[in-house]
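Notes for the one structure printed next.
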Amino acid sequence: MSTSRTFRTLSVLLLGALPITAVACGSSSGSSATKAKTAGTSSTTVSTKRVTLRLGYFPNVTHAPALIGIEGGIFQQKLAKNVTLETMSFNAGPDVVTGLFADQLDASFIGPGPSTSAFQKSNGQAIRVVAGAASGGAFLVVKPSITKPAELKGKKIASPQLGNTQDIALRTWLKEKGFTTDTSGGGDVSVVPQENALTLTAFQQGQIDGAWVPEPWATRLVKEGGGKILVNEADLWPRGKFVTTDLVVTTKFLSAHPDVVKQLIQGELAAIDLVKTNRAKAEGYVATGIQKATGKPIPADLVTASFDSIDFTIDPIASSLQKDAKDAATLGLIPSAEVKGIYDLSILNELLKTAGSDPYQGV
């Protein structure tokens, strides 16, 4: 049985106040499965005791594998009968990190920036990236009157949340163009972190001049806000590949329930496969999931347009996360670029080996 609820925004400031030990002492089930000797191994005997898997995701098309897995019942089909799935939707990654640290989540689809933040804030103890989910699907959309980067000086540009993946990308790109920014909205270009739904309204009302956002919000800013794409983030990466969404699991849950993590990854693989074999059905699940999470319907053609710019892939694209961490550190959003040990791809690679596919490397 699966239940779902929307996670209300928590202040990012809570992250600095939460003790790191909070991550390690939480529990996601009344009784745990037999523990693996090493976190990430899937040779553990499967438990028949009740387990609750609390899974986070965003109502974005870049989180389509999550939305498809939830709405299509794929995750629940792959999970053992003793596992109850509870899902929570978020606006951006920093709120997910807060949820992970407050023992409100066991796993989540999330961007590389917040993944790194959670890893570093817990001294490498809190989470592991166990799989990729999506590449691409992020854009800088601006007013039609803005035709080149130089014209952004003095303008207000939104991002989903301070320190989230698109926020890091925006600030890094502006820095490379010679602009200054700060976390309070000052500098040559004022960066305004806010929820994506508010960004659309603010753009339509002329309160901001643009936004660096994931799909479907970029397409909505174009179609509903009259904006135009100034930057396709894929153009900034080698071969256009960069991780937009990955799957993280708390180390506690990974150690206690590797069998459940394996089932979750199997569900994600099936969801991604559905995109390839029956895209129309997959798009329908995504539209339904976004409507349930936001309370507002999303046009089918908007989902279709968003799918066109995203590569849904289990590939974690580790080199991309490494660069994202370096960018965040340069901006002063995280203390360092250290991410060694953030990946545990053992379960994913075991599944890939069984399927005759090549394994992926972490860092």
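Here are the numbers for this structure:
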{"item": "Unit charges on C-beta of K, R, D, E only; dipole of region 75-219, Debye", "result": "300"}
{"item": "Protein accessible area in region 144-237, 1.4 Å probe - carbon and sulfur %", "result": "48"}
{"item": "Base-10 log of normalised Debye intensity for the chain (one unit scatterer per alpha-carbon) at q = 0.10, 0.13 Å⁻¹", "result": "-0.56, -0.97"}
{"item": "Rg in Å to one decimal, and Dmax rounded to a whole Å, for region 274-363 via C-alpha atoms", "result": "17.7, 43"}
{"item": "Listed residues THR48, SER190, VAL222: farthest to the positive end of the dipole of the chain (Cβ charges)", "result": "THR48"}
{"item": "Area accessible to solvent at GLU86, 1.4 Å probe radius, in Å²", "result": "60"}
{"item": "Dimensions (Å) - region 76-188, Cα atoms, principal axes, largest first", "result": "57, 31, 19"}
{"item": "Assigned charges on the beta-carbon of Lys, Arg, Asp, Glu; region 141-244 dipole about Cα centre (debye)", "result": "240"}
{"item": "Cα pair distances in region 230-316, grouped into 5 Å bins until the bin that holds the longest one, percent each", "result": "3, 11, 16, 19, 19, 17, 10, 4, 1, 0"}
{"item": "Across LYS252/LYS340; LYS262/LYS353; LYS175/LYS326; LYS121/LYS143; LYS121/LYS353, pairs whose alpha-carbon gap is larger than 25 Å", "result": "LYS121/LYS143; LYS121/LYS353"}
{"item": "Positive-end residue, region 258-360 charge dipole about Cα centroid, Cβ charges, pick of VAL261, ALA300, ALA280", "result": "ALA300"}
{"item": "Between region 305-363 and region 68-85, the alpha-carbon center distance in angstrom", "result": "24"}
{"item": "Three-way shape label, region 261-309, alpha-carbon gyration tensor, a/c 1.5", "result": "oblate"}
{"item": "For VAL243, residues with placed amide H under 5 Å, excluding near neighbours", "result": "SER320, LEU321"}
{"item": "For region 273-297 and region 139-177, distance of Cα centres in Å", "result": "29"}
{"item": "Extent along principal axes [Cα atoms of region 163-261; Å; largest to smallest]", "result": "50, 32, 31"}
{"item": "In sequence order, calculated HN-Hα J values of region 319-333 (Karplus, 6.51, -1.76, 1.60; Hz; x Gly/Pro)", "result": "4, 5, 4, 4, 5, 4, 5, 5, 5, 5, 5, 4, 6, x, 7"}
{"item": "Ordering of 246-252, 268-274, 168-174, 348-354 by burial proxy (mean other Cβ atoms within 10 Å per residue, highest first)", "result": "246-252, 168-174, 268-274, 348-354"}
{"item": "Unsatisfied cross-links (Cα-Cα over 27 Å) in the set LYS241/LYS296; LYS148/LYS223; LYS281/LYS323; LYS156/LYS276; LYS148/LYS281", "result": "LYS241/LYS296; LYS281/LYS323; LYS156/LYS276; LYS148/LYS281"}
{"item": "Neighbour net charge for GLY136 - beta-carbon separation under 13 angstrom, K R +1, D E -1", "result": "-4"}
{"item": "Charge dipole magnitude, Cβ of K and R +1, D and E -1 - the chain, Cα centre, debye nearest 20", "result": "420"}
{"item": "Contact order relative to length of the chain, as percent, for alpha carbon pairs under 8 angstrom and 6 or more apart", "result": "26"}
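The values are calculated or read from the model by the stated rules, or taken from the named source; none is laboratory data. Quantities reported herein were computed from a predicted structural model and do not represent experimental measurements. Positions of Cβ are backbone-derived with ideal geometry, glycine not excepted, and every protein chain shown enters the neighbour counts. Side chains are part of the model used for accessible areas, which takes the heavy atoms of the whole protein and leaves out ligands, DNA and RNA. Shrake-Rupley method; radii C 1.70, N 1.55, O 1.52, S 1.80 Å.
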